[in-house]
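Let me begin by presenting the structure, written as structure tokens, before commenting on it.
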2 protein chains.
Amino acid sequence: MRLPVDLPKSYRLLNHGPTVLVTSAHAGRRNVMAAAWNTGLDFNPARVLVVIDKNTYTRELVKASGVFALNVPSRALAKATLDVGSISGREIPEGDKFSRFRLDTFPASMIDVPLVEGCVGWLECRVIPEPHNEKTYDLFIGEVVAAWADSRVFSDGHWHFTDDDSLRTIHYVAGGNFLAIGESFEVKP
Amino acid sequence: MRLPVDLPKSYRLLNHGPTVLVTSAHAGRRNVMAAAWNTGLDFNPARVLVVIDKNTYTRELVKASGVFALNVPSRALAKATLDVGSISGREIPEGDKFSRFRLDTFPASMIDVPLVEGCVGWLECRVIPEPHNEKTYDLFIGEVVAAWADSRVFSDGHWHFTDDDSLRTIHYVAGGNFLAIGESFEVKP
């Protein structure tokens with residue numbers, strides 16, 4: 001079940017470093033790309049950061065709309081994550097990357113951007129405009145305005161992955177190589 | 001064995017989202033803190049980004065010296081990672097956090113900062129001054145000037161974790177809860 005995540009705890013969807021899918025939309029066009037370079041940035045107001053290259057179609061849509069979403073894919077979406085990262089939305093003659101790679105979507109709650117079905121976490125973000133960072137470092141800072149998680153693996157602010165490895169988050173290395181997140185453990189001070 | 005990592009591939013030490021130890025030093029003082037909020041930022045020149053809170057002793061030392069190192073701890077150092085994140089270096093009456101938590105160090109090659117023994121990756125960084133980011137977001141951008149990895153688990157630009165779980169990277173969630181990195185898998189486009 002998809003449940004809301006308290007905004008001050010939404011950083012925990014990213015804290016362990018998963019690769020995400022960045023979704024965007026503007027004026028009837030929409031797109032999705034993969035981004036390993038992301039991190040939490042603040043608790044309250046909840047802020048996150050993601051690197052979006054100048055040449056990407058995502059960049060164009062995010063600049064035009066001022067919003068984006070970070071979707072945390074599960075291992076079941078690893079191939080789709082690699083696929084959407086290997087072609088630009090501009091190069092698709094008909095439809096878009098969602099239709100091309102058979103990614104189902106559902107609407108975000110606070111922003112006009114599609115969210116990807118089958119992910120295990122979602123962060124809806126409004127861009128905090130920082131022209132110097134965007135231009136110099138391709139760095140986009142977003143305020144999280146809504147967040148969601150698949151309660152089978154994340155609830156009450158914590159991940160609790162199960163024996164179903166297809167629901168684990170994925171952590172990209174390079175060249176089609178991923179690492180799945182592994183065992184949970186607790187340390188006492 | 002500790003081997004150098006090609007700078008344009010050094011982002012791969014962080015790409016899968018491990019929690020890191022930030023080490024710093026200035027004028028005979030030195031410190032270490034934990035930071036889950038970090039990411040690669042560019043390949044060449046190799047750049048990385050880490051969030052360093054205003055109130056930290058690390059912040060004071062990094063601002064004064066203009067350098068820091070990101071050390072990627074293995075699971076064997078999970079308790080130490082939690083420990084160094086739970087007290088400020090300013091609150092230690094004698095010695096420092098390294099001595100307090102029995103962390104051995106060795107000198108970095110290009111900057112005057114201690115590196116932590118037992119980690120599996122190390123990035124030596126020079127701060128690219130960005131006063132607005134530092135002040136507004138506690139965001140520090142560094143150019144990687146040297147990088148190293150433990151060849152038992154990282155070589156030729158790739159992680160290859162083994163059955164020895166103590167060498168896996170650790171990914172902090174909250175409240176003493178970590179996730180260890182898990183299984184490697186490859187996806188074909």
Mean other chain Cβ within 10 Å across B:167-178 is 6
Can you list, largest first and rounded to whole Å, the semi-axes you get for the stretch A:1-86 by taking the square root of 5 times each eigenvalue of its Cα gyration tensor? 21, 17, 13
Net charge of neighbours whose Cβ lies under 11 Å from the Cβ of B:GLU124, counting Lys and Arg as +1 and Asp and Glu as -1: -1
For a test of understanding, tell me how many lysine pairs in chain B have Cα atoms under 25 Å apart, given they are 8 or more places apart or on different chains. 8
Between copies, how close do the A:GLY66 label points come, placed 7 Å along Cα→Cβ, listed in nm from shortest? 3.9
I'd like the Kirkwood hydrodynamic radius of the stretch A:2-180, using the inverse of the mean 1/r over distinct C-alpha pairs, in Å. 16.0 Å
Between copies, how far apart are the B:HIS158 label points? List them in nm, one decimal, shortest first, with each point 7 Å from Cα toward Cβ, please? 3.5
For the stretch A:150-189, divide the Cα radius of gyration by the Kirkwood radius and give the resulting Rg/Rh value with two decimals. 1.05
Distribution of pairwise C-alpha distances over the stretch B:55-115, 10 Å bins, in %: 19, 54, 27, 0
Given springs between every Cα pair under 10 Å in a Gaussian network model of chain A, which of A:LEU41, A:LEU123, A:LEU167 has the largest fluctuation? A:LEU41
Residue with peak Gaussian network fluctuation, chain A [Cα springs, cutoff 10 Å], from A:GLY175, A:GLY118, A:GLY40: A:GLY175
List the trypsin sites (Lys or Arg not before Pro) within the stretch A:18-78 that fall in a DSSP loop (any state other than H, G, I, E or B) and whose Cβ has at most 15 other Cβ atoms within 10 Å. A:LYS54
Per the Kirkwood formula on distinct C-alpha pairs, the Rh of the protein assembly as shown is how many angstrom? 20.6 Å
Among B:VAL32, B:VAL173, B:VAL20, determine the one that fluctuates most according to a GNM of chain B built with springs between C-alpha atoms less than 10 Å apart. B:VAL173
One residue of chain B has its C-beta nearest the axis rotating B onto A; that residue and its distance in whole Å are B:GLY17, 1
Sum up the charges of everything whose Cβ sits under 14 Å from the Cβ of B:LYS135, counting Lys and Arg as +1 and Asp and Glu as -1, but leave B:LYS135 out. -3
Counting other Cβ atoms within 10 Å of each Cβ, which trypsin sites (Lys or Arg not before Pro) in the stretch A:93-189 have at most 16 and sit in a DSSP loop? A:ARG102, A:ARG152
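Just so you know, all these numbers are worked out from the coordinates, no wet-lab data involved. Remember, predicted model here, so these are calculated numbers, not experimental data. With ideal geometry, Cβ positions are generated from the backbone for all residues, glycine too; neighbour counts draw on all protein chains shown.
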